[in-house]
Amino acid sequence: MLAKRIIPCLDVKNGQTVKGINFEGLKEIGDPVEMGAEYSAQGADELVYLDISASLEGRKTFTDLVRRISERIDIPFTVGGGISSFDEAARLLDAGADKITINSAAVYHPELIGQIASHYGSQFVVVAIDARTNGPEWQVMTHGGKKETDRELFSWAAEVQDRGAGEILFTSMDHDGTKNGYACEAYARMSSFLTIPVIASGGAGSIEHIEEVLTKGCADAALAASIFHYGEIKIEELKRRLLADGVNVRI
Amino acid sequence: MIAIIDYKAGNLRSVENALKRLGAEYEVTSDPDRIRSASHVIMPGVGEASSAMQSLREEGLIDVIKSLTQPVLGICIGLQLMCRMSEEGNTPCLGIFSPSVRRFTEVPGVKIPHMGWNTITGLRGPLFEGIPDGSFVYYVHSFRPDLDESQTIAVTEYGADRYSGALCKGNFYGTQFHPEKSGPVGARILKNFIEL
């Protein structure tokens, strides 16, 4: 049986893994390659690396980093952060990325999804969606959650699938950073009509939260950052608990 | 020297990196002479089966591959091309392995492509030496090879389908999963192959 996946996410700036501390700025918390290798040894099923450098220099550093990650890491990894063109996706594939994630660019240039997917296969294209509740609706946001769009989450998710995305990585901005659990109902609703896998992101604070989104939320994978980075949850322990509770995970 | 066949069907870097991690010497080539004289041959590949077959044809590699006598490993599309035929683009393939390659049966709630970690059981032969039955390996595919009593050396189940996770006939091996992305289990399988 196909296993549910546990995916640590690493934000990278100028070649270093970083973590925001109470809006006061970013703290460097380690070498992305070493951290990835460590997560992989602990039993992570995949890794996601997001480039949050805003500069051209940072971008170049990130491509070099992707090359180093692919030399070292022997599990699948996804890279993203500001990818806005076919050529950028191609460059990251060439550096060794297994998948890329596109977010804002997919909203403004939806044809990009099909362009990349038809050339490199759907499995290469993960579309990331950030959304928040706005009244009764889930509103899609771009640019790291700063910019509103007129798109609604579920119709956008369906469109993204039709256009050739291989997976959807949905982050609930209502839940992200709260450590109060994932947006389970939204994930369950998404999984009910999508035929591609859904990765849940935003809100993980405990093992129970992760278990809930993989069972009640029907998510195919759970992504988290800070709880792994600060060792609040060890991946080995998380997976042992999930397995004991009947969730199929790779150990 | 291991030859990785380059037939312009996708990215070969992960396979290269996996061999580098094992300290193996390899070259990426489409030259028939280099392929024939290699100690081992790996045929990776992603993409669509009928166009991948077309690329093999254009590179003049069909008969070269069929006539190889050293250990050969097809990975993912590489394995599918070594089968009898594929429903993807409805193409005849190399016919080294007897099974046909078919699209996964559509079942409500079962997602296609089959993507992620799944188990291999019924393991047989030197490729899986030291690999416990039920180990997890990484899969990404929408088409899968049928079972064959004598050639199937690993079985995987997904949705309504039981299929060949790996095949072997004589010196020819194939894995539908990606050993180069399957952590320590995959590394051991590749090591087993290059030590054949």
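For the subset of the range B:156-169 comprising residues that are within 13 Å of chain A (Cβ to nearest Cβ) and not hydroxyl-bearing (Ser, Thr, Tyr), which member is surrounded by the fewest Cβ atoms within 10 Å (Cβ to Cβ)? Among residues in the range B:156-169 that are within 13 Å of chain A (Cβ to nearest Cβ) and not hydroxyl-bearing (Ser, Thr, Tyr), the one surrounded by the fewest Cβ atoms within 10 Å (Cβ to Cβ) is B:Ala160.
If we only count helices (runs of 4 or more DSSP H) wholly inside the range A:84-176, which ones have 3 or more residues that are within 12 Å of chain B (Cβ to nearest Cβ)?
Answer list for the range A:84-176: A:86-95, A:111-120.
Comparison of A:Asp45, A:Asp51 shows that the only residue that is at pLDDT below 95, closer than 24 Å to B:Ser14 by Cα and buried (at least 19 other Cβ atoms within 10 Å of the Cβ) is A:Asp51. Looking across the range B:142-155, the residues that are buried (at least 23 other Cβ atoms within 10 Å of the Cβ) and either closer than 21 Å to B:Gly47 by Cα or in contact with a Pro (Cβ under 7 Å, 6 or more places away or on another chain) (or both) come down to B:Phe143, B:Arg144, B:Pro145.
Residues in the range B:132-153 that are outside any strand (DSSP E or B), under 30 Å from A:Ser122 (Cβ atoms) and away from chain A (no Cβ under 14 Å): B:Asp146, B:Leu147, B:Asp148, B:Gln151.
Inclusion of A:Lys19 among residues that are free of Cβ contacts under 8 Å to residues at least 40 places away in the same chain, outside any loop (DSSP other than H, G, I, E, B) and either more than 11 Å from chain B (Cβ to nearest Cβ) or surrounded by fewer than 16 Cβ atoms within 10 Å (Cβ to Cβ) (or both) is not warranted. The set of residues from the range A:29-45 being more than 16 Å from the chain's Cα centre (by Cα), not charged (D, E, K, R) and not in a helix (DSSP H, G or I) comprises A:Ile29, A:Gly30, A:Gly43.
A:Tyr187 meets the conditions (1) crowded, with 20+ Cβ neighbours inside 10 Å; (2) of a type outside the set (A, V, I, L, M, F, W, C); (3) outside any helix (DSSP H, G or I) in every case but one. The failed one is (3).
The values are calculated or read from the model by the stated rules, or taken from the named source; none is laboratory data. Keep in mind the model is a prediction, meaning the values are calculated, not measured. So basically every Cβ, Gly included, is an ideal-geometry build from the backbone, and we count neighbours across all protein chains shown.
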